[in-house]
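Trainee: Take this structure first; my questions come after.
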Amino acid sequence: MNTILNKEDHYLGRSGWLRASILGANDGILSTASLIIGVAAANVSREPIVLAGVAGLVAGALSMAAGEYVSVSSQTDIETSDLAREEKELREMPQEELKELADIYKARGLSPELAMRVAQEMTEHDALGAHARDELGINSLTRARPLQAAFASGASFIFGGLLPVITSMLLPLKYMIYWQYILTTIFLIILGAYAAKAGGSSVKKAVLRITFWGTIAMGVTAYIGHLFGVSLG
């Protein structure tokens, strides 16, 4: 039984890297394509379009990685601070902390006697781990990992952003805006389906959400580029 439980693959364990990866890839596809569409609407030559796409790709990947690292590091700092405070309380007032843990189990449906017994055994086994998990909601599945999030976000941004950049290099310039619209929508559909499958959620819902907002973003950018005749992203 223990072997079966240890091999279970829960979607929650993927939440950290999956969120950063999907966010990075989505932003890479969408922001790079939108930038290229905006520039294409204001220019008739290929060079500035490709240059804008590459510049947006590099800047966006660095920005996404740095942003994820800073954001998740802030979460790590909060978790570390809470754990340090909990460890101090366990040293200074162990009985109060034991009662607090028992009250948590009692609120979840255990009888007062069983709740206290469970709290005592959990405290003897790993007091800080028990409070971290059951009081603070911190566990190995959801623990913040800054480097993992930064790498996942930056790498997936590059992967996503390369798709519209390659499109701008290879496909006819005359219909560049339309090609970007069509292929970017296809890329977003594939990404939405992958995200739903990896996260165990509805494929249809994920695809509709990602393509709806992506289409709006590209449309607004193209309109601004055409209206002002300047390179906007």
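The values are calculated or read from the model by the stated rules, or taken from the named source; none is laboratory data. These figures come from a predicted structure and were not determined experimentally. Note that we place each Cβ from the backbone using ideal geometry, even for glycine, and neighbour counts take in every protein chain shown. The protein model used for the area step is the full one, side chains on, heavy atoms only, and it has no ligands, DNA or RNA in it. Shrake-Rupley method; radii C 1.70, N 1.55, O 1.52, S 1.80 Å.
Trainee: Test each condition in (1) over 19 Å from the mean Cα position of the chain (by Cα); (2) surrounded by 18 or more Cβ atoms within 10 Å (Cβ to Cβ); (3) within 26 Å of L147 (Cβ to Cβ); (4) of a type outside the set (S, T, Y) for A65 and report the one that comes out false.
Mentor: (1)
Trainee: Identify all residues within the stretch 152-162 that are buried (at least 22 other Cβ atoms within 10 Å of the Cβ), within 24 Å of A40 (Cα to Cα) and not aromatic (F, W, Y); write none if there are none.
Mentor: Those that are buried (at least 22 other Cβ atoms within 10 Å of the Cβ), within 24 Å of A40 (Cα to Cα) and not aromatic (F, W, Y): G160, G161.
Trainee: Somewhere in the stretch 173-189, is a residue surrounded by fewer than 16 Cβ atoms within 10 Å (Cβ to Cβ), out of contact with any helix residue (DSSP H, G or I) (no Cβ under 8 Å at 6 or more places or on another chain), of a type in the set (V, I, T) and part of a helix (DSSP H, G or I)? Outline the logic, then answer.
Mentor: We begin by selecting, within the stretch 173-189, every residue surrounded by fewer than 16 Cβ atoms within 10 Å (Cβ to Cβ); these are 173-175, 178, 182, 186.
When the remaining residues are screened for being out of contact with any helix residue (DSSP H, G or I) (no Cβ under 8 Å at 6 or more places or on another chain), the result is 174-175, 178, 182, 186.
With the extra rule that they be of a type in the set (V, I, T), the set shrinks to 182, 186.
Those still in the list that are part of a helix (DSSP H, G or I) too: 182, 186.
Taking every residue of the stretch 173-189 in turn, at least one turns out to be surrounded by fewer than 16 Cβ atoms within 10 Å (Cβ to Cβ), out of contact with any helix residue (DSSP H, G or I) (no Cβ under 8 Å at 6 or more places or on another chain), of a type in the set (V, I, T) and part of a helix (DSSP H, G or I).
Trainee: A follow-up question, please. Going by the structure shown, is S73 open to solvent by less than 60 Å² (accessible area, probe 1.4 Å), within 20 Å of the chain's Cα centre (by Cα) and polar (S, T, N, Q)?
Mentor: yes
Trainee: Continuing with this model, one more query. Could you say which residue among Q75, Q120, Q95 is part of a helix (DSSP H, G or I), at pLDDT below 90, polar (S, T, N, Q) and more than 26 Å from I190 (Cα to Cα)? Break it down stepwise before answering.
Mentor: Values: Q120 fails: at pLDDT below 90; Q95 fails: at pLDDT below 90.
The conditions single out Q75.
Trainee: State which residue pairs qualify: first residue touching a residue at least 24 places away in the same chain (Cβ under 8 Å) and inside the stretch 150-171, second residue open to solvent by 10 Å² or more (accessible area, probe 1.4 Å) and acidic (D, E) in any location, beta carbons under 7 Å apart, and separation of 6 or more residues or different chains.
Mentor: So the pair list comes out as A150/E68; S153/E68; F157/D27.
Residue-by-condition table, conditions (1) within 23 Å of the chain's Cα centre (by Cα); (2) at pLDDT 85 or above:
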{"site": "T184", "(1), (2)": "yes, yes"}
{"site": "K197", "(1), (2)": "yes, no"}
{"site": "K205", "(1), (2)": "yes, no"}
{"site": "I210", "(1), (2)": "yes, no"}
{"site": "I224", "(1), (2)": "no, no"}
{"site": "L227", "(1), (2)": "no, no"}
{"site": "L232", "(1), (2)": "no, no"}
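Trainee: If we scan the stretch 20-42, do we find a residue that is at pLDDT below 85 and open to solvent by 90 Å² or more (accessible area, probe 1.4 Å)?
Mentor: No, because not a single residue in the stretch 20-42 is at pLDDT below 85 and open to solvent by 90 Å² or more (accessible area, probe 1.4 Å).
Trainee: Specify which of the listed residues (L114, L57, L101, L83) is in contact with a Gly (Cβ under 6 Å, 6 or more places away or on another chain) and in a helix (DSSP H, G or I).
Mentor: On the way: L114 fails: in contact with a Gly (Cβ under 6 Å, 6 or more places away or on another chain); L101 fails: in contact with a Gly (Cβ under 6 Å, 6 or more places away or on another chain); L83 fails: in contact with a Gly (Cβ under 6 Å, 6 or more places away or on another chain).
The conditions single out L57.
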